[in-house]
Amino acid sequence: MQFHEEHLDAFMSLFYEVRDAIEKMEGCYSVELLKDIKDPTVMFTYSIWEEEENLNAYRKSDLFSKTWPKTKALFRAPAEAWSLDFV
């Protein structure tokens, strides 16, 4: 996610406000926030889910529907997302 510099604090506050609730979602093992070492306005959330269905359930949850619009409003570019498997 690429943020406007002036919105970084707002995003980090929002992330830490909802992080525990996300981790309590069924099938979520962990959620972490990372930033690019060269550009601090580029942030990543890294979450591990038991199954893709659990992630999709989170994306359909009230928590996501309330949090995502607030997050999206802070972007300077459209977000990208990947779903990956351990090898």
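Structure above, values below:
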| quantity | calculated |
| --- | --- |
| Selection from the range 19-50 of residues that are assigned to a loop (DSSP other than H, G, I, E, B) and surrounded by 13 or more Cβ atoms within 10 Å (Cβ to Cβ) | Met25, Gly27, Thr41 |
| Yes/no for Phe15 being in a helix (DSSP H, G or I), within 25 Å of His4 (Cα to Cα) and modelled with pLDDT of 95 or more | yes |
| Selection within the range 59-79 - free of Cβ contacts under 8 Å to residues at least 12 places away in the same chain and either within 18 Å of Tyr46 (Cβ to Cβ) or part of a helix (DSSP H, G or I) (or both) | Arg59, Asp62, Phe64, Ser65, Lys66, Trp68, Pro69, Lys72 |
| Search result, residues across the range 57-87 that are among the β-branched types (Val, Ile, Thr) and surrounded by fewer than 10 Cβ atoms within 10 Å (Cβ to Cβ) | Val87 |
| The lone exception for Glu53 - which of (1) in contact (Cβ under 8 Å) with a residue 24 or more places away in the chain; (2) surrounded by 15 or more Cβ atoms within 10 Å (Cβ to Cβ); (3) not in a loop (DSSP other than H, G, I, E, B) it fails | (2) |
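The values are calculated or read from the model by the stated rules, or taken from the named source; none is laboratory data. Just so you know, these numbers come straight off a predicted model, no measurement behind them. For neighbour counting, all protein chains shown are included, and Cβ atoms are generated from backbone atoms with ideal geometry for every residue, glycine included.
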